[in-house]
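To start, the structure itself, in structure tokens.
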Amino acid sequence: MGIEQAYVDAHPASRALYERARRVVPSGVTHDSRYLRPFPIYAARAQGSRKWDVDGHEYIDYVMGHGALLLGHNHPAVMGPAAEQLSRGTHYGASHQAEIEWAEEVIRLVPSAEAVRFTSSGTEATLMALRLARAHSGRPAVLKFDRHFHGWHDYVIGSSRYGAAAPPGVPAATLDTVVVVAPQMHVVRETVAGRDDIGAVIVEPAGASSGTIPLPRGFLQELESFCRQRGLLFIMDEVVTGFRWTPGGIQQEEGLSPDLTTLAKILAGGFPGGAVAGRRDLLDQLAFPAPGEHAEKVGHPGTFNANPLSSVAGTACLREIADGRHQSRSRALASRLRTGMNAELHRLGLPGFVYGQASEFRIVLGGDTVPTPRDYDPRDLPLELLSAGSSRETERLLNLSLLTRGVHLFGNGGTTSSVHTEDDLAQTVEAWAAALQALCDESVLPS
């Protein structure tokens, strides 16, 4: 039986729900990354490193809430306070103590944070960061890097994994204020020298698409220095990397001090939430002027900004991960997983790599090199291969095959949590080996 048919036969309840969803939701999914032919799985519950679907299948989960769950599903340090808050209310329509405590934790952990403003998502956070940058600099254009993802709003969706260079529905006038370049310092210098309207630079500090294509060594430090020299605002988008690489994100690990930092995912402990943190003078553009002053204020409403439930869960999560032990454990687990998966590629003689940074892993199948049984720093791998990635059909069938064997990836890889176990890793490597063999048997990969 083929990979796809085995998947279809094993998931009748998910298939039925997908057919139902297609009648009311475009393509039956509520997030582009969840689209999977012939249909995605439908989850019923989750706990720790595992989740279960409506057909009763159990999965080792590497989606981990799209990277929001460093502590895994339903961690008691977060769920206890959240459950208590549910009984007190979810939206007061008023200020509350929990939002202050949440802000204090962000400022305590993020090295560059002098002040913080909460949003409901990472997309909203980057939108606000760009608005603050424009208001401060008076210059309309922002420089971003090719394939770097900063959310789905008009200013950043272009040239990312979710949008082409000119995405449908985005006005050309908007695109004219966004300069997309390769992450090479000589290109950055030449571009800025040729325009006088660029006021800010935004970057995914792990590299394009959550580290799928890494930045060169030393690039962030050189970029920060250049921004300082040219009077450009340096914005680090740590929605993915914040609190995951270290308690203070990549900026703590690399010794950087961005002007603005965008945050989400781990920030809210698995609940909706985002934030912009950074220099007080930049955030104070959101402040109301004192009586008699006539300063122009940057407006920012938002129904669910710092709602009590997200505030309590986020505060509890940040306090739990503040000492770095959860980051250290999840990083060590990811490294061992990458090594074990590469060992199977080596055993089968298949070209490709499993690579990554911190507690993430990425998969590329193809190229000419069979890996050795070890971990790989993506900056030591051929950028052409990482940029090309696996073919879409190979990635699709790999995901189907692994789902049938009880492993749920997030597209071309995933993230480990601090609650994954050695048994999880062993079962994943076993499923990986069987899935690779199935791909070979269907001539998707060379046997």
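Read-outs: derived from the displayed coordinates by stated rules, not from any lab. Owing to the predicted nature of the structure, the values given are computational and were not obtained by experimental measurement. Using ideal geometry, Cβ is built from the backbone for each residue, glycine included, and neighbour counts are taken over all protein chains shown.
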Compute the angle between helix 392-404 and the longest alpha-carbon principal axis of the chain, please, reported from 0 to 90 degrees and rounded to the nearest 10. 70
Options (i) 54, 53, 45; (ii) 76, 56, 45; (iii) 86, 57, 44 are given for Cα extents along the principal axes in Å, and the computed one is (ii)
Report the local net charge at Met1: Lys and Arg +1, Asp and Glu -1, summed over other residues whose C-beta lies under 13 Å from its C-beta. -4
Residues in segment 167-184, backbone N under 20 Å from the label point at Asp197 (7 Å along the Cα-to-beta-carbon vector): list them, ranges by number please. 167, 169-182
Rounded tilt (10° steps) of 122-137 against the dominant C-alpha axis of the chain: 30
Please list, ordered by chain and number, the residues whose modelled amide H lies under 5 Å from the amide H of Thr369; skip anything fewer than 5 residues away on the same chain. Gly352
P(r) of segment 76-321 in 5 Å steps, Cα pairs, percent per bin? 1, 7, 14, 18, 19, 16, 12, 8, 4, 1, 0, 0
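At 0.36 nm per residue, minus the direct Cα-Cα distance, what do Asp146 and Asp368 gain on full extension? Give it in nm, one decimal, please.
Details: separation 222, 0.36 × 222 = 79.92 nm, distance 2.55 nm.
Length difference between fully extended and current span is 77.4 nm.
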Say each of His153 and Asp176 gets a label point 7 Å from the Cα, pointing the same way as Cα to Cβ; how far apart are those two points in nm? 2.1
Give me the angle, in degrees from 0 to 90, between the Cα long axis of helix 12-22 and the longest principal axis of the Cα atoms of the chain, rounded to the nearest 10. 40
What is the fewest-to-most order of Phe304, Phe118, Phe288, Phe361 by other Cβ atoms lying within 10 Å of their Cβ? Phe288, Phe304, Phe361, Phe118
At Thr30 and Glu114, where each label point lies 7 Å from the Cα along Cα→Cβ, what is the point-to-point distance in nanometres? 4.0
Cut-off 13 Å, label 7 Å out along Cα→Cβ of Glu393, residues of segment 431-445 by amide N: 442-445
Only bridges whose two residues both fall in segment 76-321 count here: according to DSSP, what percent of them are antiparallel, nearest 5? 45
Connecting C-alpha atoms closer than 10 Å in a GNM of the chain, tell me which of Gln357, Gln85, Gln229 has the biggest fluctuation. Gln229
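Averaging sequence separations of C-alpha pairs under 8 Å and six or more residues apart, then dividing by the length of segment 76-321, give the relative contact order as a whole percent.
Numbers: 471 pairs, mean separation 76.3, N = 246.
Over segment 76-321, the number comes to 31 percent.
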What is the distance in Å between the Cα centroid of segment 200-255 and that of segment 123-171? 16
Top of Val63, Val187, Val407 by mean-square fluctuation, Gaussian network on the chain, Cα under 10 Å: Val187
Give the separation of the Cα centroids, segment 1-70 to segment 76-98, in Å. 30
Could you tally the net charge around Glu101, taking each other residue with its Cβ under 15 Å from the Cβ of Glu101, Lys/Arg +1 and Asp/Glu -1? -2
Test of understanding: ordering Cys317, Cys440 by Cβ neighbours within 10 Å, fewest first, what list do you get? Cys440, Cys317
When the chain is treated as a Gaussian network with springs between alpha carbons less than 10 Å apart, the largest mean-square fluctuation among Leu309, Leu409, Leu381 is found at Leu381
For labels at Gln97 and Thr303 in the simple 7 Å Cα→Cβ model, what's the distance in nm? 2.8
Estimated FRET transfer efficiency (Gln229, Cys440; beta-carbon r; R0 45 Å; 0.05): 0.30
Quick check on the chain: of the DSSP beta bridges with both residues there, what percent are antiparallel, nearest 5%? 60
